[in-house]
Amino acid sequence: MAWQVIEKPRGNWRVQPNLLSYERTCAEYSWQKAEQEFISSANRGLNIAHECVDRHAQSSRGAHLALRWLGKDGEVRDFSYGDLQRLSNRFANVLRGLGIGKGDRVFALAGRIPELYIAALGAMKNGSAFCPLFSAFGPEPIQQRLTIGEGKVLVTTRALYDRRKIGSLRASLPALSHVVVIGSHDDAPPAGTENFHQLMNGASEEFEIPPTAPEDMALIHFTSGTTGKPKGAVHVHQAVIAHHITGRYALDFHPEDIFWCTADPGWITGTSYGIIAPLTHGITSVIDEADFDAERWYRIIEEQKVTIWYTAPTAVRMMMKAGMEIIRKYNLSSLRFIASVGEPLNPEAVVWGQEAFGLPIHDNWWQTETGGIMIANYLSMPIRPGSMGKPLPGIEAAIVQPQKDGTVDVITEPEVQGELALRPGWPSMFRGYLREEERYRKCFAGGWYLTG
């Protein structure tokens, strides 16, 4: 079936898109110019957490709502940029007090709770590498990742500590020196662990971020391991430039947006776009602790007045299955942009978005290894349903055929199949796989990164 191109009504924007002319923006763009936008921490380098939190907290935006957390049982907790600065400073001091320093790996195994976001920011402030784990993992994948990543600290909840049998794993994890358990302040933590809240209450709100080079390790994201042992993709602090710019162009962030990324921070979307990108823009993010429920989601959009919504094709298809009747119960007019990532978005889902929300759903593409969005459908541009869109400014993409001699042939003819490749050099490109140098080298050929 040939799908009709979805045209956009130019000049009729609720907010003028950040990317108005794709060709002009790409022609004028450079990563060097993008890097100049960032304020270094008193000329002490480039630190993701500083760019996410401290530079806003130290400005007129300090009181602006950064995170609104919606608990599955109805609890609501709000955090301004000033709050995040103080709390992430406390956690950085907790780590320092535990003897955790630059390059040490801090893992987190938790659902979408505020403490996870605070731990991520505090770890990066401390110069440690933050490594999120999906909370649904069983003991074996947890043990694999902690072993490969040589985790020194694990932050988790009491429920997950018990359910995932973390205590029985510790004998096989000699590098794991601290398990910090989130519960209530008065809970006695399991033997050999420490109470998160007690440590936080005893820590100072003052913290000076140590000098951070752009190439210092910031994040380790593990691939799913569905085709073998999971790979630990290493990302550096310079990645924040790509997170910020892709938030501007691919997701069209503006200062007063209310943003909701439904992804779990256990996967890279939930970190790059659930934590980092919106915070660098100083906007408000909604965090929902609960599992998917179509009616709950629509109610959140209505009540929180969500303007930008980033979700996954699986969720879109479940919403389609739930039907239009539920949608019509809610006022979703606050939405101005919807995007999706995780797997190809089928054309029917793109068109369904137009019918359901009055907005098409914009597919985009990237990987754990790329660290940020590489190819996208943009607010200002037509959508061809079933297409992932066009490369971001600063990204060069091609379809190639790798050859046995290590070279690649770039395909220029239409209707010829090949492999998607990207020209290396963007800031969020992964810098390696932990302890697998040869596997990393095989990702590159002929001056291209081969996406597989």
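The values are calculated or read from the model by the stated rules, or taken from the named source; none is laboratory data. Note that the coordinates shown come from a computational prediction; the quantities given were computed from them, not determined experimentally. Backbone-built Cβ (ideal geometry, glycine too); neighbour counts: all protein chains shown. Protein only, heavy atoms only, side chains kept; ligands, DNA and RNA dropped before computing areas. Shrake-Rupley method; radii C 1.70, N 1.55, O 1.52, S 1.80 Å.
Note down the relative contact order for the chain as a percent, whole number, built from C-alpha pairs under 8 angstrom at least six residues apart. Walk me through the numbers before you get to the answer.
On the way: 906 pairs, mean separation 75.5, N = 452.
Across the chain, relative contact order equals 17 percent.
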Please give the helix 114-125 orientation as an angle from the longest Cα principal axis of the chain, in degrees from 0 to 90, rounded to the nearest 10. 90
From the phi angles alone, apply the Karplus equation (6.51, -1.76, 1.60; θ = phi - 60°) to region 304-321 and give each ³J(HN,Hα) in whole Hz, x where the residue is Gly or Pro. 8, 6, 4, 9, 10, 10, 10, 9, 10, x, 4, 5, 4, 5, 5, 5, 4, 5
Could you point to the residue in Met200, Ile300, Ser172 farthest towards the positive end of the chain's charge dipole, with +1 and -1 charges on the Cβ of Lys/Arg and Asp/Glu respectively? Ser172
On the first, second and third principal axes, largest extent first, how far apart are the outermost C-alpha atoms of region 282-337 in Å? 35, 21, 20
Calculate the dipole size of the chain relative to its Cα centre from +1 charges on Lys and Arg beta carbons and -1 charges on Asp and Glu beta carbons; express the result in debye to the nearest 20. 300
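May I ask you to derive the relative contact order of region 364-425, considering only C-alpha pairs under 8 Å and at least 6 residues apart, and to give it as an integer percent?
On the way: 77 pairs, mean separation 14.7, N = 62.
That works out to 24 percent.
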Among Ala312, Met324, Ala290, whose Cα projects farthest towards the positive end of the dipole of region 288-343, with charges put on the beta-carbon of Lys, Arg (+1) and Asp, Glu (-1)? Met324
Does anyone have the angle between helix 239-249 and the longest principal axis of the chain? Alpha-carbon axes, 0 to 90°, nearest 10? 40
What figure in square angstrom, to the nearest 10, would you give for the accessible area of Lys72 with a 1.4 Å probe? 120
In what order, largest first, do Asp104, Asp252, Asp293 sit by accessible area if the probe radius is 1.4 Å? Asp293, Asp104, Asp252
Along the positive direction of the dipole of the chain (beta-carbon charges: Lys, Arg +1; Asp, Glu -1; about the Cα centre), which of Gly389, Pro424, Leu146 reaches farthest? Leu146
Once you sort the root eigenvalues of the Cα gyration tensor of region 39-170 as a ≥ b ≥ c, which label holds: rounded (a/c under 1.5), prolate (a/b larger than b/c) or oblate (the other case)? oblate
Where does helix 139-149 land angle-wise versus the long Cα axis of the chain, in degrees 0 to 90, nearest 10? 90
Under a 5 Å amide H to amide H cut-off, with H placed in plane at 1.01 Å, what residues pair with Ala175 once short-range neighbours are removed? none
Reported label for calculated volume of the Cα convex hull per residue in Å³ given (1) 183; (2) 336; (3) 152: (3)
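Which of the residue pairs Lys33/Lys390; Lys33/Lys404; Lys102/Lys231; Lys72/Lys329; Lys102/Lys165; Lys72/Lys305 have a Cα-Cα distance greater than 26 Å in the structure shown? Write down the numbers at each step before the final one.
Values: Lys33/Lys390 21 Å; Lys33/Lys404 38 Å; Lys102/Lys231 22 Å; Lys72/Lys329 21 Å; Lys102/Lys165 29 Å; Lys72/Lys305 19 Å.
The pairs that break the limit, which is 26 Å between Cα atoms, are Lys33/Lys404; Lys102/Lys165.
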Quick one: what are the phi-derived ³J(HN,Hα) couplings along region 369-385, Karplus 6.51/-1.76/1.60 with θ = phi - 60°, whole Hz, x for glycine and proline? 5, 7, x, x, 4, 10, 9, 8, 8, 10, 4, 8, 10, x, 10, 9, x
Once amide hydrogens are built 1.01 Å from N within the peptide plane, the residues lying 5 or more places from Ala218 or on another chain with amide H under 5 Å from its amide H are His235, Val236, His237
